[in-house]
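Student: This is the structure I want to talk about, given as structure tokens.
A short reminder: the numbers here are calculations on the coordinates, not readings from a lab. Since this is a predicted model, take the numbers as computed values, not measurements. Neighbour counts run over all protein chains shown; Cβ positions are idealised from the backbone, glycine included.
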Amino acid sequence: MRMVQVGRWITAIALLLLVGVYLRALAYTPVEQSQGLAQKIFYLHVPAAIWAETAMILVGLSSAFYLFTKDPRLDRFAAASAEVGTIFCAIVLTTGPIWGKPIWGTWWTWDARLTFTLFLFLLYVGYLLLRSAVADPAMRARYAAVLGICAMCEVPFIHLSVYMFPTLHPMPIVLQPGRPKLPGSMLSTWLMSLGVFTLLYLGFMVQRYALSYLREELEAAGEVGHA
Amino acid sequence: MRSPNLLRHAWAVASKDLLVEFRSRTAILSVAVFVVLVLVVFNFGRDPTAVSNLDLAPSILWVTFTFAAILALNRAFQLELENHALEGLLLAPIDRSSIYLGKLIANLVFVATIELIGVPLLALFFNVLVLPYLAPLIAVIVLATVGFVAVGTLFSAMTVRTRFAELLLPVLLLPFMIPPLSWAVLATGRLLAGRPLSEIAGWLNMLAVYDIVFVTLAVMLFPATVNE
Amino acid sequence: MLLAEELRHSFGAVRALDDVSFSVQPGQTLAVFGPNGAGKTTLLKVLAGLIQPQHGRAQVDGGRRAIGWIGHQPQLYGQLTVRENLRFWSSLYDAQPPGDLLTRLGLEEHADRPVRALSRGLVQRVAIARALVHDPTVLLLDEPFTGLDRIAAEALSRLLARHAAAGRATVLVTHNVEEGTGLATHVAFMRAGRFVHFAPRAGRGPEQVGEDYRNAIA
């Protein structure tokens, strides 16, 4: 119970901070020259994308450790990370077109990065579907771990295949070799947003993990009750 | 020594699968019919002045191969499940990997048979020159096929025991098929258009890396799908 | 020949094996009786190496190569013939099917028929042949008499007696006290993952064993 409450607090704080960051982004940071107001979505879109991919790496790592140790906590972590990662993927896939429509004139294009996120989303969906399709908890954990590891290893290959597409997507200006090419106020706002998304990830994870744990307890109690 | 036994047992599993398939022949026939159907329909459907054969050919080829692969994959472990034979395989003093490798070999033979039918038919119906590029074409086909059949064989071991097995497998497999398929389609297109080999070397490399990574991963992870 | 030490294994909250220890020597046949859900099948699977116990260990001399398993499922490929099935399964054990195996089980005339074309009784016999094809020294049987008609049941009993006489070990698991007792040299009762009784049969007949079982389990 406590864990769920802790998770809720973290998430609430993170959401409040997110609103704060966004107000700062809208009011305080300069308007970008070529793209105008639409560019401001970058403060939401990029940190979400970073965490969407990181969450998948974490799913893979915890799955690998689960297969070695069989510790159910690692399986719970993997499941939680997959769900949270799916949400962040969805954020990227919705904020992307919202930005794209005024800039590119179209809701969707087979642009490298957007396509990458779409495939990442498919990986997540497959993982969650597999989990829901297996009834036995031990088998579910094993199967999910196998898929999780494969999904993590697939991510670099999706990068490889997708970056061959011609892209209209803005090139990296923060995560690039050399100093970020951003004016200070934009960079600081972006960093704040990244921090908020990290907090959001933590908050969601803690809640989701705690809910898994509670659900497992209920299932176990139910079984004992029937016997 | 482990290795000769591993391969020998894998071959025993594979030949048993192929014997069963050869007896019934339903799967291979239905896929062969599908190949002909796709070739005919696409030929009628296109406007010769707008779309050239060479634009369509790679996609058609790979659609048919993918369909054949999914069909083979769905059936592979189904055979063990319906005969309750998986337990027998696990009881035998063989490496778990032999079971995986055996299934992989059987699936590859199945898909290869379809590919052997598909390529000449494509050349015939679509009037596409294939012979000059045969060797690199075979390389592309082999590398890409091994890639997604390897992953598919691993996944089918898991999905076969779930509720919506035939539906779940393609869904799980889709994001894993896209990289090797996209490289294969692009490379096939360039090859058939007569581009120099150097252009496709990059894709061949990526396909090879993909194969090595995922076959190794699948062999290592397979025991986790069958052991309790 | 067969040793189990402090086996413990749970499926979630259900304890299938709760500190089970015993040994079976060559020539002995252990019959394990117990109600459904007592953990008998889990015990056999641990002995066969199909399940890794969470605690304790099980050891069979000769490993998986020495084990023959007869369970509810025939583990045969319906689309293949009897001969092809035996050849496949024996190849996994790096063995050849013994020449007289088919004759011993009365399967000579059906050898080239696909298994799915055979009657239930014949399929059971092929399943037994499959289990014996690599000349196992340990036999593990999971409710083997289920669904067998009287002739087939007698044939199986004769076969098991011959197996024991040749100095091999057998573990037979069943909830049917009548069928298992005659063959057993040792008897165990299992409930909720534990052995509540383990002793030589000592000349007890099925009725006596049945009564001891009811007293122990009730």
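Student: Taking the beta-carbon count within 10 Å as an exposure proxy, list B:ILE178, A:ILE103 from fewest neighbours to most.
Tutor: Going from sparsest to densest Cβ surroundings: A:ILE103, B:ILE178.
Student: Assuming 0.36 nm per residue, please report the length gained on full extension of the stretch C:SER23 to C:ASN215 beyond their Cα-Cα distance.
Tutor: 66.7 nm
Student: May I pose another question? Could you grab the relative contact order for chain C? Cα pairs under 8 Å, six or more apart, rounded to a whole percent.
Tutor: Taking the mean separation of contacting Cα pairs over the length of chain C, I get 30 percent.
Student: If you take the Cα Rg of the stretch B:1-126 and divide it by 2.2 N^0.38 Å, with N the number of residues, what do you get?
Tutor: For the stretch B:1-126, the normalised Cα radius of gyration comes out at 1.32.
Student: Now a separate question. Averaged across C:89-96, how many Cβ atoms of other chains sit within 10 Å of each residue's Cβ atom?
Tutor: Rounded to a whole number, the mean comes out at 5.
Student: Inside 10 Å of the C-beta atoms of A:147-156, what's the mean count of C-beta atoms belonging to other chains?
Tutor: Average per residue, whole number: 4.
Student: Rank by packing, highest mean first: peptides C:184-196, B:187-199, with packing defined as the count of other Cβ atoms within 10 Å averaged across residues.
Tutor: Sorting C:184-196, B:187-199 by mean packing, highest first, produces C:184-196, B:187-199.
Student: Would you compute, from DSSP H runs of 4+ residues alone, the mean residue ellipticity of chain C at 222 nm, taking -39500 (n - 2.57) per run and dividing by the full residue count, rounded to the nearest 500?
Tutor: Estimated from H runs of four or more residues: -9500 deg cm²/dmol.
Student: Once you keep just the Cα pairs under 8 angstrom separated by 6 or more residues, what percentage relative contact order results for chain B?
Tutor: Relative contact order, chain B: 28 percent.
Student: Further question: Got a sec? How would A:CYS153, A:CYS89 order by Cβ neighbour count within 10 Å, fewest to most?
Tutor: A:CYS153, A:CYS89
Student: Let me ask you something else. Given charges of +1 on the Cβ of Lys and Arg and -1 on the Cβ of Asp and Glu, with all other atoms neutral, how large is the dipole of chain B about its Cα centre, in debye to the nearest 20?
Tutor: 180
Student: A further question on this structure: Using a Förster distance of 51 Å, how high is the FRET efficiency between B:ASN5 and A:LEU23, based on the Cβ-Cβ distance and rounded to 0.05?
Tutor: The computed FRET efficiency comes out at 0.15.
Student: Just the Cα atoms of the stretch A:1-143: what Rg and Dmax do they give in Å?
Tutor: Computed over the Cα atoms of the stretch A:1-143, radius of gyration and Dmax are 18.2, 56 Å.
Student: Cβ under 13 Å from A:TYR163's Cβ, A:TYR163 left aside: what net charge do those residues give with Lys, Arg +1 and Asp, Glu -1?
Tutor: Values: positive: A:ARG113; negative: A:ASP111.
After counting each charged neighbour, the total is 0.
Student: Quick check on the exposure proxy: order B:THR159, B:THR64 from fewest to most C-beta atoms within 10 angstrom.
Tutor: Numbers: B:THR159 29, B:THR64 26.
In increasing order of surrounding Cβ atoms, one gets B:THR64, B:THR159.
Student: When DSSP assigns beta bridges and you keep just the ones with both residues in the protein assembly as shown, what percent turn out antiparallel, to the nearest 5?
Tutor: Around 55 percent antiparallel, to the nearest 5.
Student: Evaluate the distance, in nm, between pseudo-label points positioned 7 Å from the Cα of A:SER188 and of C:GLU5 along their respective Cα→Cβ axes.
Tutor: Label at A:SER188, label at C:GLU5, 6.7 nm between them.
Student: Considering the Cα positions of chain C, please state its Rg to one decimal place and its Dmax as a whole number of Å.
Tutor: Just the Cα atoms of chain C yield Rg and Dmax of 17.3, 50 Å.
Student: What are the lysines whose alpha-carbon lies under 25 Å from the alpha-carbon of C:LYS40, with same-chain residues fewer than 8 places away excluded?
Tutor: Within the straight-line limit of under 25 Å, C:LYS40 reaches these lysines: A:LYS70.
Student: While we're on this one: Averaged across C:61-69, how many Cβ atoms of other chains sit within 10 Å of each residue's Cβ atom?
Tutor: Rounded to a whole number, the mean comes out at 2.
Student: While we're here: Pairing the Cα long axis of helix C:82-92 with the longest principal axis of chain C, what angle in degrees results, from 0 to 90 and rounded to the nearest 10?
Tutor: Between helix and principal axis, roughly 60 degrees.
Student: Provide the convex hull volume over Cα atoms per residue for chain B, in Å³.
Tutor: Output value, Cα hull per residue: 133 Å³.
Student: Using the beta-carbon distance between B:LEU54 and C:VAL196 and R0 = 56 Å, what value does 1/(1 + (r/R0)^6) give for FRET efficiency, to the nearest 0.05?
Tutor: 0.15
Student: In addition: Nearest 10 degrees, 0 to 90: what angle lies between the long axis of helix C:150-165 and the longest principal axis of chain C (Cα atoms)?
Tutor: Long axis of C:150-165 versus the principal axis of chain C: about 70 degrees.
Student: Tally Lys/Arg at +1 and Asp/Glu at -1 over every other residue whose Cβ is under 9 Å from the Cβ of C:ARG57; what's the total?
Tutor: -2
Student: Still on this model: Could you tell me the extents of the stretch B:135-228's C-alpha atoms along the three principal axes, largest first, rounded to whole Å?
Tutor: 51, 25, 18
Student: At A:ARG8 and C:THR103, where each label point lies 7 Å from the Cα along Cα→Cβ, what is the point-to-point distance in nanometres?
Tutor: Each label point lies 7 Å from its Cα, and together they span 8.0 nm.
Student: Which angle between 0 and 90 degrees, to the nearest 10, do you get for helix C:120-132 versus the longest principal axis of chain C when only C-alpha atoms count?
Tutor: Approximately 80 degrees, to the nearest ten.
Student: Would you work out the relative contact order for the stretch C:98-210, in percent, from Cα pairs under 8 angstrom that are 6 or more residues apart? Please report the intermediate quantities before stating the final value.
Tutor: Working: 89 pairs, mean separation 21.6, N = 113.
Worked out over the stretch C:98-210, it gives 19 percent.
Student: Please work out the FRET efficiency for the pair A:ILE103 and C:GLN54, using the Cβ-Cβ distance as r and a Förster radius of 56 Å; give the result to the nearest 0.05.
Tutor: Computed FRET efficiency for A:ILE103 and C:GLN54: 0.45.
Student: Normalise the Cα radius of gyration of the stretch A:49-99 by 2.2 N^0.38 Å (N = residues in it) and let me know the number.
Tutor: Rounded to two decimals, the normalised Rg is 1.32.
Student: Which three semi-axes in whole Å describe the equivalent ellipsoid of the protein assembly as shown, each the square root of 5 times a Cα gyration tensor eigenvalue, listed largest first?
Tutor: That gives 55, 36, 17 Å for the three semi-axes.
Student: Here's another thing I want to ask about it. I need the P(r) histogram for the stretch B:105-173: all alpha carbon pairs, bin width 5 Å from 0 out to the longest distance, whole percents.
Tutor: 3, 15, 20, 19, 15, 11, 9, 6, 2, 0
Student: Ratio to report: Rg/Rh of the stretch B:91-136, with Cα atoms as the point set and Rh obtained by the Kirkwood method; give two decimals.
Tutor: On the way: Rg = 16.9 Å, Rh = 13.1 Å.
Expressed as Rg/Rh, it is 1.29.
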